[in-house]
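A.B. asks: First the structure, which I've put down as structure tokens, then a few questions once you've had a look.
The values are calculated or read from the model by the stated rules, or taken from the named source; none is laboratory data. This one's a predicted model, so the numbers in the text were calculated from it and none came from an experiment. Neighbour counts run over all protein chains shown; Cβ positions are idealised from the backbone, glycine included. Note: accessible area is taken over every heavy atom of the protein model, side chains too, but ligands, DNA and RNA are not part of it. Shrake-Rupley method; radii C 1.70, N 1.55, O 1.52, S 1.80 Å.
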Amino acid sequence: MITYREIDESFLNEYDRIPLLIHVKSIFSIEKIDNGLGGFLLKETPVKEYIKDLGVYELATNYSQSFDISNWAFFMAFDNEIPIGAVTIASKTKDVDMLDDREDMSVLWDIRVDDRYKQQGVGTELFKKAVEWSKSNGMKQMKIECQNNNVPACKFYHKHGAVLGKVDEYAYYKDAEIKDEIQFIWYLDL
């Protein structure tokens with residue numbers, strides 16, 4: 001039986017053991033019309049399949065080393081007592097650029113579901129927990145970052161009512177490993 005609960009920092013080691021794998025089969029490429037003055041067209045383009053491990057970038061056990069996480073929330077999904085999914089929500093934290101110095105915005109910092117449990121509603125339930133927590137803590141909007149090579153995430157956020165508000169082709173330019181990825185920022189009005 002799958003259960004969901006809010007957790008504290010004592011669970012973050014277990015949280016980090018949940019894989020954060022993206023199975024990339026396509027990307028959203030950007031077609032600029034008249035060098036962008038005529039708008040942009042996002043086009044889903046098939047690519048040679050590969051797996052990207054986002055877990056190397058996101059370790060929940062490291063959050064408190066960089067930030068005051070006292071205004072953050074963590075939820076996990078369990079199959080019996082086995083961790084199968086998790087979500088982190090950040091709010092009201094100095095030095096978190098994604099919050100845009102807003103007190104009424106939360107950030108969906110991380111969401112992950114073990115591959116064996118994808119397409120079973122686990123991600124949706126975790127997303128709902130993040131939305132409910134944000135609303136109950138007075139947030140008016142949730143901000144979400146993902147990349148153009150995470151097409152399933154883009155479709156997931158769109159399906160749950162988020163609006164693509166920012167596309168930044170140069171967000172990762174200084175990082176040689178990911179410089180070709182395009183940052184998408186989604187917004188969900190609460």
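A.B. asks: Among the numbered criteria (1) closer than 28 Å to Glu169 by Cβ; (2) more than 18 Å from the chain's Cα centre (by Cα); (3) surrounded by 12 or more Cβ atoms within 10 Å (Cβ to Cβ), which one does Glu14 miss?
C.D. replies: (1)
A.B. asks: Same structure again: I'd like the residue in region 88-111 that is basic (Lys, Arg) and in contact with an Asp or Glu (Cβ under 8 Å, 6 or more places away or on another chain) and, out of all such residues, is least open to solvent (accessible area, probe 1.4 Å).
C.D. replies: Restricting to residues being basic (Lys, Arg) and in contact with an Asp or Glu (Cβ under 8 Å, 6 or more places away or on another chain), the top hit is Lys92.
A.B. asks: Okay, next question. Within the bounds of region 127-139, is there any residue that is open to solvent by 30 Å² or more (accessible area, probe 1.4 Å), farther than 24 Å from Asp180 by Cβ, within 15 Å of the chain's Cα centre (by Cα) and not β-branched (Val, Ile, Thr)?
C.D. replies: Within region 127-139 (the criterion being open to solvent by 30 Å² or more (accessible area, probe 1.4 Å), farther than 24 Å from Asp180 by Cβ, within 15 Å of the chain's Cα centre (by Cα) and not β-branched (Val, Ile, Thr)), the answer is yes, since at least one residue qualifies.
A.B. asks: Could you please find all residues in region 17-48 being in contact with a Pro (Cβ under 7 Å, 6 or more places away or on another chain) and either open to solvent by 80 Å² or more (accessible area, probe 1.4 Å) or over 25 Å from Tyr117 (Cβ atoms) (or both)?
C.D. replies: Listed by number, the residues that qualify are Arg17, Lys25.
A.B. asks: Determine which single condition Tyr57 fails, assuming it passes every other condition in (1) among the aromatic types (Phe, Trp, Tyr); (2) more than 18 Å from the chain's Cα centre (by Cα); (3) exposed (fewer than 13 other Cβ atoms within 10 Å of the Cβ).
C.D. replies: Of everything listed in (1) among the aromatic types (Phe, Trp, Tyr); (2) more than 18 Å from the chain's Cα centre (by Cα); (3) exposed (fewer than 13 other Cβ atoms within 10 Å of the Cβ), Tyr57 misses just condition (2).
A.B. asks: A follow-up question, please. Of all strands (runs of 3 or more DSSP E) completely enclosed by region 94-190, which ones contain at least 3 residues that are farther than 23 Å from Leu12 by Cβ?
C.D. replies: 163-168, 183-189
A.B. asks: When the residues of region 88-124 are narrowed to those that are more than 14 Å from the chain's Cα centre (by Cα) and among the acidic types (Asp, Glu), which ends up nearest to Met139 (Cα to Cα)?
C.D. replies: The residue in question is Asp104.
A.B. asks: Looking at region 62-87, which of its residues are surrounded by fewer than 17 Cβ atoms within 10 Å (Cβ to Cβ), among the hydrophobic types (A, V, I, L, M, F, W, C) and within 21 Å of Lys140 (Cβ to Cβ)?
C.D. replies: none
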